[in-house]
Amino acid sequence: MEDFPKKNDLVIATVKRIEEHGVTVTLDEYNGMEAYIPRSHAASGRIKDLRSIIKEGMKVVGRVLRSDRKKGQVDLSLRYVSDEEAERKMEEWKNRNRAISLLKLALGSADAAYDAFKKLALYYKEPLDALEDCLESGPQPLIKAGIDERSAEKIAEVVKSQIRPPIYVRKSVMRIVSYRPDGVDVIKSILTNINANIYTIGAPRYVIEVSSENPRYVKRTSERIVERIVEEIKGKGEAELIEVIEQRKRVE
């Protein structure tokens, strides 16, 4: 994390003070640095009373409108953040805090935890993924990320006692068509015999979803299902893999 937010960054903020012309917040990721949300950027449309939609102590996701390091001033907008962006940012923040808490518990100090977190962040998009990988692979994912063996073993031990394995989900998006008069029935008969969660996102696009706590099983099974569909549709139509989406669903 850099020491000063940049324009267009998404940031987590806590509402500190609500005023007539805007809202003063503190930035959680920047050691409580203050920022300001102009009234016109607090919400879409005209709002008579900001307190009707924003409360002191409330967590919000803002987009940096202006950033002046010399003056120490940061202005945010809530209007320019979509619901999807806000949800994703909050989830990232939650996962970050979870990872740091586990590292503190394992290593015994905040400094050591933050140092380990930085190393994991260079190797993994989400450091919590690295900790979850320990459930299956032991300390090796941490060692590969640059953490010393002794610390990695401590972290892996804590992880096993503190978190549950995530559910790995692989979604294979396929285009499946048949030009036969009974094409709909042909496709239905093929997909009905597939042991997976299958749904359409607008024919001829279908999603084949496989999930398990075992990521290797998910990948292997998903690939075999795609191969089977491609093979069974031959002579009756055609099928192709368009996209693969991989996710982790964390169990609280």
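Every residue in the stretch 1-36 that is among the aromatic types (F, W, Y) and surrounded by fewer than 18 Cβ atoms within 10 Å (Cβ to Cβ), please.
Scanning the stretch 1-36 gives a single hit, F4.
Table: residues versus (1) in a helix (DSSP H, G or I); (2) basic (K, R); (3) more than 21 Å from the chain's Cα centre (by Cα); (4) surrounded by 15 or more Cβ atoms within 10 Å (Cβ to Cβ).
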{"residue": "D75", "(1), (2), (3), (4)": "no, no, yes, yes"}
{"residue": "K89", "(1), (2), (3), (4)": "yes, yes, no, yes"}
{"residue": "K94", "(1), (2), (3), (4)": "yes, yes, no, no"}
{"residue": "R98", "(1), (2), (3), (4)": "yes, yes, no, yes"}
{"residue": "D111", "(1), (2), (3), (4)": "yes, no, yes, no"}
{"residue": "L120", "(1), (2), (3), (4)": "yes, no, no, yes"}
{"residue": "D129", "(1), (2), (3), (4)": "yes, no, no, yes"}
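Check whether at least one residue in the stretch 147-160 is polar (S, T, N, Q) and within 23 Å of N97 (Cβ to Cβ), and report yes or no. Spell out how you get there, then give the answer.
From the stretch 147-160, those polar (S, T, N, Q) are 151; that's our starting set.
Now drop any that are not within 23 Å of N97 (Cβ to Cβ), which leaves 151.
Looking for residues that are polar (S, T, N, Q) and within 23 Å of N97 (Cβ to Cβ), one finds at least one in the stretch 147-160, hence yes.
In contact (Cβ under 8 Å) with a residue 60 or more places away in the chain, outside the structural domain of K118 (by TED's automatic domain parsing), among the basic types (K, R) and out of contact with any Lys or Arg (no Cβ under 9 Å at 6 or more places or on another chain), is that true of R69?
Against the criterion (in contact (Cβ under 8 Å) with a residue 60 or more places away in the chain, outside the structural domain of K118 (by TED's automatic domain parsing), among the basic types (K, R) and out of contact with any Lys or Arg (no Cβ under 9 Å at 6 or more places or on another chain)), R69 qualifies.
Across the stretch 37-50, what is the number of residues that are over 23 Å from E84 (Cβ atoms) and either surrounded by 12 or more Cβ atoms within 10 Å (Cβ to Cβ) or not basic (K, R) (or both)?
Taking the stretch 37-50 and keeping what is over 23 Å from E84 (Cβ atoms), we get 38-39, 46, 48-50.
Subset that is either surrounded by 12 or more Cβ atoms within 10 Å (Cβ to Cβ) or not basic (K, R) (or both): 38-39, 49-50.
Residues meeting the conditions: 4.
For the stretch 189-199, what are the residues that are part of a helix (DSSP H, G or I) and either surrounded by 12 or more Cβ atoms within 10 Å (Cβ to Cβ) or outside the structural domain of V218 (by TED's automatic domain parsing) (or both)?
S189, I190, L191, listed by residue number.
Given the conditions (1) part of a loop (DSSP other than H, G, I, E, B); (2) surrounded by 15 or more Cβ atoms within 10 Å (Cβ to Cβ), and given that R63 satisfies all but one, which numbered condition is not satisfied?
Tallying (1) part of a loop (DSSP other than H, G, I, E, B); (2) surrounded by 15 or more Cβ atoms within 10 Å (Cβ to Cβ), R63 fails exactly one: (1).
Quick check on the stretch 77-84. Is at least one of its residues without any contact (Cβ under 8 Å) to a residue 24 or more places away in the chain, of a type in the set (D, E), out of contact with any Phe, Trp or Tyr (no Cβ under 8 Å at 6 or more places or on another chain) and part of a strand (DSSP E or B)? Steps first, answer last, please.
First, the residues of the stretch 77-84 that are without any contact (Cβ under 8 Å) to a residue 24 or more places away in the chain: 82-84.
Those left that are additionally of a type in the set (D, E): 83-84.
If we keep only those that are out of contact with any Phe, Trp or Tyr (no Cβ under 8 Å at 6 or more places or on another chain) as well, we get 83-84.
Filter once more, keeping what is part of a strand (DSSP E or B): none.
Within the stretch 77-84, none of the residues are without any contact (Cβ under 8 Å) to a residue 24 or more places away in the chain, of a type in the set (D, E), out of contact with any Phe, Trp or Tyr (no Cβ under 8 Å at 6 or more places or on another chain) and part of a strand (DSSP E or B).
Could you please give the count of residues in the stretch 206-252 that are surrounded by fewer than 16 Cβ atoms within 10 Å (Cβ to Cβ) and either assigned to a helix (DSSP H, G or I) or in contact with a Lys or Arg (Cβ under 6 Å, 6 or more places away or on another chain) (or both)?
14
The values are calculated or read from the model by the stated rules, or taken from the named source; none is laboratory data. Keep in mind it's a predicted model, so treat the numbers as computed, not measured. Neighbour counts are summed over all protein chains in view; Cβ atoms, including those assigned to glycine, are modelled from backbone coordinates with ideal geometry.
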